[in-house]
Protein chains: 4
Amino acid sequence: MWLRTSCELTFLIEVPTPFVLMLRPRSGAQQWVAREEYRLTPSVPAFEFTDDYGNLCQRLIAPPGDFTVYTAAEVMTADHVDRAPGAPFVEVQNLPDAVLGYLLPSRYCESDRFGWMATDITAGRLPGYDQVAAIEDWLRVTIRYAPGSSDIPLSAVEVNARQSGVCRDLAHLGIALCRSLAIPARMVVGYLYGLEPMDLHAWFEAYIAGRWYTFDATQVELKGGYVAIGYGRDAADVAIYNQFGPAVSSAAQQVLVRRLKG
Amino acid sequence: MWLRTSCELTFLIEVPTPFVLMLRPRSGAQQWVAREEYRLTPSVPAFEFTDDYGNLCQRLIAPPGDFTVYTAAEVMTADHVDRAPGAPFVEVQNLPDAVLGYLLPSRYCESDRFGWMATDITAGRLPGYDQVAAIEDWLRVTIRYAPGSSDIPLSAVEVNARQSGVCRDLAHLGIALCRSLAIPARMVVGYLYGLEPMDLHAWFEAYIAGRWYTFDATQVELKGGYVAIGYGRDAADVAIYNQFGPAVSSAAQQVLVRRLKG
Amino acid sequence: MWLRTSCELTFLIEVPTPFVLMLRPRSGAQQWVAREEYRLTPSVPAFEFTDDYGNLCQRLIAPPGDFTVYTAAEVMTADHVDRAPGAPFVEVQNLPDAVLGYLLPSRYCESDRFGWMATDITAGRLPGYDQVAAIEDWLRVTIRYAPGSSDIPLSAVEVNARQSGVCRDLAHLGIALCRSLAIPARMVVGYLYGLEPMDLHAWFEAYIAGRWYTFDATQVELKGGYVAIGYGRDAADVAIYNQFGPAVSSAAQQVLVRRLKG
Amino acid sequence: MWLRTSCELTFLIEVPTPFVLMLRPRSGAQQWVAREEYRLTPSVPAFEFTDDYGNLCQRLIAPPGDFTVYTAAEVMTADHVDRAPGAPFVEVQNLPDAVLGYLLPSRYCESDRFGWMATDITAGRLPGYDQVAAIEDWLRVTIRYAPGSSDIPLSAVEVNARQSGVCRDLAHLGIALCRSLAIPARMVVGYLYGLEPMDLHAWFEAYIAGRWYTFDATQVELKGGYVAIGYGRDAADVAIYNQFGPAVSSAAQQVLVRRLKG
């Protein structure tokens, strides 16, 4: 399906403030960006670079006053999310080098502390896809998805203690559980068509049978319409913005996703 | 200045034909892409990747029949090209690792064969910027800039023998001469506002005093308005398209650059 | 000074077990590896790759029985650690792209939770080197260095709560404090000549005034003799070995560093 | 088989001369480096980096006088070279991104000028391995292998005109022919056990059926015993040394490869 996505961030800046932004979807295996726009108001110089995960990031210094970042894109994305019951686990020795880093614990995914729990949740499942599907189901049933409930990211340990969280938090726990079973897992931040309430979204991917598969415990049933903006080990890597210096006092965020005829 | 660039390539395809395209300008130190569009007609799946030089490339299989690639962008670019007379040569041992590759000879820049000539052309000049400026001047005076005169890229040796060439060919000779003096040099393909006749353009950059500077022997005087699409060692790396399989029988190319109020 | 370093790890393996090892020092800005040896007993196929941080890693499957990894090197390293009181803070907008990732929180360095504390510790210091020196001093005075006190890595939050830790733990807290001040910081694992008791060591580096500087709160006074094996965001990235599958029941580790005439 | 390789280069230096060296074999898919040594006489600071092709390179400034670089290694390498008659061609659209660059023409491999010839040489062969085997056979029969016959690298066009060349030259022509058929091909520099006369050696690899295969037209029959030092598009990328500034007046080179019990 063709989607038109947009995100507008507004900040009230008091002193010149460095930002690193990550809001520019790129064409990739799962999506094609046909049109894209990136507007800064007021207009300031911005410098773009590719981070270690392949994301396009922008650096700039926001001037005092109202500062708005507006991005929009027209993206072709899959109508359905690929599912692959029975797809086999990839032994560590056979993983591509570039995927190994997604086995390690990270800021919000303390996979070193979830071994027993993951084994328990996936008991009786075939190693690989079916394990991750069991984790996704377990998250759906066990952890209350509460949009808006946390401002700062919660780590997997914290989410598990609190038994509720936002999309990002559920992804953190899912990722930690996968990694503790030696299944590479990564976080994705982006848009999801039809999300209620509409906002930026986060989900996770697991590497199974030679490719990445999408999982999302916030949705009862996975439909298509996912548009990825950034990939990383967890929310620390894929913040849509990082701001340095004195905290910025106020920020509004408006996200829209609509379907285009096509 | 704000520019709107566009390029439309039309091919007549007989059998399904793999293409690698490089037509998507990226924001960088010298330019900011505020809006961008990429349209394939008919619409086919395309996969994007970043090559070794940081260029965004697209892979696709063109189906039989008319096939059109249309790209457009709105780009903020410098009004003036930086010049730096007297800027010093960087000793090889002080070059950044990532720049060293631009000292080596490449397909169309046989820098291993121009040592004496480069020394001669730059006699009496300070090592660094002034040497490259002397090379640029020498190219302007010596090699006839003849747009449309060569279909396939000419190497520096060939350009020097023929004493004329298109923008790409002059760049090849300029790059070969720089490298033979141990000055890193690379090719840039992109747009130039006001180019006559309008077409895609090629120029070169040399690494001096810690940064890349723009040189373009096809222009009597360098003005601003350059929009880079791709960087590489020479035309082999920055072909705007590479096509594999039986040669495609026909191709039209329409390039437009106009200035936006800004 | 010239050092001869060696490390022998012995494992008792029950089932074929995949390992990723990181034990091979590389020549770099601070050290030159003149001779190097890497012996697996029994000999098994090992595959080497470079991870995202530039470390040389080896993958292999350890067979059941005793399994020994022995590495040794002769390395030229600095007699003194560079110190640079007054060296200035680099504004975020001026940091090299490749350094930005070292500003982010990571598994064991929850820099997002140390802002006030870091500000407090460094009150009155010039931004940059002097801030990090203050952090290093504060760690020395406040956190008890207790070799052997923790088996698993402690995160900065945990170290701060416990007020003691091994070298790795102190480094985690130092790194978290630096990053919370927008000073890039990274962990180094390696050897230190004269360490008591001799073992593998960990310290941290901070990026100041355009380069990385060494800090080590476990030593009263920094002398030379550091040999780096691996760099990363924290201990999750620079484990000298990661083992997958059922935990390995026993491991011995013998580390030697002696000075060579030279 | 286990091999002990060594290479000693001696230069007579008149003025301080920057060098980039590439003499350090690395463990990889085909070989395991168990022991390695790198000695500079006189000892000077050397800085190591990894180039775009994954090779370990060293930068240094050679001081006036005699300057010697000695490297030695103990390497486990395959007893036999893998052959795979019938292994299929990989369509361009299915090649890994990182392999695409090896389809492009390069300094010494003008693959853009060999289309008809390659088609002719491989007439009647299955696309893929059999085509490359036909090219290797054709080189063996047609191009006289004349060790010591060329000092500077010859390009594929030049080798084809001259009908003779050293190992490096034959590899250039083989690579150019492969690429003109859309088969990725790259140059390898290294050691070969039993080479007569003993020297550094060069051969090429082609990417077929999802991996790289070794080809070497200088040998009547491929036996094992290859130790790779460097990979690249052609000799421009894998010079074992690049020297900058006034040419160095004299150089001796001694290469030894002997078999170890093991």
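Can you name the residue in the stretch B:249-262 that is assigned to a loop (DSSP other than H, G, I, E, B) and more than 14 Å from every other protein chain (Cβ to nearest Cβ) and, of all such residues, is farthest from D:Phe89 (Cα to Cα)?
Here the residue is B:Ser250.
Results for (1) within 11 Å of chain A (Cβ to nearest Cβ); (2) of a type in the set (A, V, I, L, M), shown as yes or no for each residue.
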position	(1), (2)
B:Pro16	no, no
B:Gln31	yes, no
B:Ser43	yes, no
B:Tyr53	no, no
B:Ala62	no, yes
B:Phe89	no, no
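Considering every residue within the stretch C:222-245, establish whether at least one is surrounded by fewer than 12 Cβ atoms within 10 Å (Cβ to Cβ) and either touching a residue at least 24 places away in the same chain (Cβ under 8 Å) or assigned to a strand (DSSP E or B) (or both).
Checked the stretch C:222-245: no residue is surrounded by fewer than 12 Cβ atoms within 10 Å (Cβ to Cβ) and either touching a residue at least 24 places away in the same chain (Cβ under 8 Å) or assigned to a strand (DSSP E or B) (or both).
Among (1) out of contact with any Gly (no Cβ under 9 Å at 6 or more places or on another chain); (2) more than 19 Å from C:Ala146 (Cβ to Cβ); (3) modelled with pLDDT of 95 or more, there is one condition C:Ile208 misses while meeting the rest; what is its number?
Exception for C:Ile208: condition (1).
Would you call B:Ala217 in contact with an Asp or Glu (Cβ under 8 Å, 6 or more places away or on another chain), part of a loop (DSSP other than H, G, I, E, B) and either more than 14 Å from chain D (Cβ to nearest Cβ) or within 19 Å of B:Gly165 (Cβ to Cβ) (or both)?
Here the answer is yes, as B:Ala217 does meet what is asked.
What's the total number of residues in the stretch B:163-206 that are hydroxyl-bearing (Ser, Thr, Tyr), crowded, with 23+ Cβ neighbours inside 10 Å and over 21 Å from B:Gln254 (Cα atoms)?
Total satisfying the criteria: 1.
Inside the stretch A:1-47, can you point out the residues that are of a type in the set (Val, Ile, Thr) and either in contact with a helix residue (DSSP H, G or I) (Cβ under 7 Å, 6 or more places away or on another chain) or surrounded by fewer than 20 Cβ atoms within 10 Å (Cβ to Cβ) (or both)?
Residues satisfying the conditions are A:Thr10, A:Val15, A:Val20, A:Thr41, A:Val44.
Would you check which residues across the stretch C:1-37 are among the small types (Gly, Ala, Ser) and either part of a loop (DSSP other than H, G, I, E, B) or out of contact with any Ser or Thr (no Cβ under 9 Å at 6 or more places or on another chain) (or both) and list them?
Here is the first cut: in the stretch C:1-37, the ones among the small types (Gly, Ala, Ser) are C:6, C:27-29, C:34.
Once the filter is applied, which keeps residues that are among the small types (Gly, Ala, Ser) and either part of a loop (DSSP other than H, G, I, E, B) or out of contact with any Ser or Thr (no Cβ under 9 Å at 6 or more places or on another chain) (or both), the stretch C:1-37 yields C:Ser27, C:Gly28, C:Ala29.
Please go through the stretch B:107-118 and give me each residue that is under 22 Å from D:Cys57 (Cβ atoms) and not in a loop (DSSP other than H, G, I, E, B), ordered by number.
Hits for the stretch B:107-118 are B:Cys109, B:Ser111, B:Asp112.
Hey, B:Thr119 hits all of (1) under 21 Å from the mean Cα position of the chain (by Cα); (2) at pLDDT 95 or above; (3) within 13 Å of chain D (Cβ to nearest Cβ) but one; which does it fall short on?
(1)
Yes or no, residue by residue, for (1) within 11 Å of chain C (Cβ to nearest Cβ); (2) in contact with a helix residue (DSSP H, G or I) (Cβ under 7 Å, 6 or more places away or on another chain); (3) farther than 19 Å from A:Gln219 by Cβ:
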position	(1), (2), (3)
A:Gly65	no, no, yes
A:Tyr70	no, no, yes
A:His80	no, no, no
A:Tyr108	yes, yes, yes
A:Ala146	no, no, no
A:Ser149	no, no, no
A:Ser155	yes, yes, yes
A:Ala161	no, no, yes
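Can you pull out the residues in the stretch A:149-162 that are part of a loop (DSSP other than H, G, I, E, B) and either surrounded by 15 or more Cβ atoms within 10 Å (Cβ to Cβ) or within 16 Å of the chain's Cα centre (by Cα) (or both)?
Those that are part of a loop (DSSP other than H, G, I, E, B) and either surrounded by 15 or more Cβ atoms within 10 Å (Cβ to Cβ) or within 16 Å of the chain's Cα centre (by Cα) (or both): A:Ser150, A:Asp151, A:Ile152, A:Pro153, A:Leu154, A:Ser155.
Please list, ordered by first then second residue, the pairs with beta carbon atoms under 6 Å, 6 or more apart or interchain, first in the stretch D:16-28 and free of Cβ contacts under 8 Å to residues at least 24 places away in the same chain, second crowded, with 22+ Cβ neighbours inside 10 Å.
D:Ser27/D:Val33
Which of the residues that make up the stretch B:38-47 are part of a strand (DSSP E or B) and more than 26 Å from D:Gly101 (Cα to Cα)?
B:Thr41 - this is the single residue of the stretch B:38-47 that is part of a strand (DSSP E or B) and more than 26 Å from D:Gly101 (Cα to Cα).
Run down C:Leu170, C:Leu139 and say which single residue is in a helix (DSSP H, G or I) and more than 17 Å from C:Pro184 (Cα to Cα).
C:Leu139
Please state which one of A:Val132, A:Val141 is away from chain C (no Cβ under 14 Å) and either of a type in the set (Lys, Arg) or surrounded by 23 or more Cβ atoms within 10 Å (Cβ to Cβ) (or both).
A:Val132
All but one of (1) in contact with a Cys (Cβ under 9 Å, 6 or more places away or on another chain); (2) within 14 Å of chain A (Cβ to nearest Cβ); (3) at pLDDT 95 or above hold for C:Leu181; which doesn't?
Here C:Leu181 meets the rest and fails (1).
Which residues, counting only those in the stretch A:115-129, are out of contact with any Ser or Thr (no Cβ under 7 Å at 6 or more places or on another chain) and crowded, with 18+ Cβ neighbours inside 10 Å?
Across the stretch A:115-129, the qualifying residues are A:Ile121, A:Thr122, A:Gly128, A:Tyr129.
For the stretch C:48-76, which positions are at pLDDT below 90, surrounded by fewer than 15 Cβ atoms within 10 Å (Cβ to Cβ) and assigned to a strand (DSSP E or B)?
none
For the stretch B:81-94, name all the residues that are over 22 Å from the mean Cα position of the chain (by Cα) and either on the phi < 0 side of the Ramachandran plot or surrounded by 16 or more Cβ atoms within 10 Å (Cβ to Cβ) (or both). Give the derivation first.
Restricting attention to the stretch B:81-94, the residues satisfying the condition of being over 22 Å from the mean Cα position of the chain (by Cα) are B:85-94.
Across the stretch B:81-94, the qualifying residues are B:Pro85, B:Ala87, B:Pro88, B:Phe89, B:Val90, B:Glu91, B:Val92, B:Gln93, B:Asn94.
Which pairs do you get when a residue that is facing another protein chain (nearest Cβ under 7 Å) and farther than 14 Å from B:Leu60 by Cβ, found in the stretch D:93-106, comes within reach of a residue that is assigned to a helix (DSSP H, G or I) and of a type outside the set (Asp, Glu), reach meaning Cβ atoms under 6 angstrom, with the pair 6+ apart or on two chains?
As it stands, the answer is D:Pro105/D:Ser111, since those pairs meet every condition given.
List pairs: first residue in the stretch B:129-146 and closer than 13 Å to B:Ala176 by Cβ, second residue surrounded by fewer than 18 Cβ atoms within 10 Å (Cβ to Cβ) anywhere in the structure, Cβ distance under 7 angstrom, at least six positions apart or on different chains.
Listed pairs, sorted by first residue: B:Ile143/B:Gln163; B:Ile143/B:Ser164.
The values are calculated or read from the model by the stated rules, or taken from the named source; none is laboratory data. The structure displayed is predicted, hence computed values, not measured ones. Heads up, the Cβs are rebuilt from the backbone with ideal geometry, glycines too, and the neighbour counts pull from every protein chain shown.
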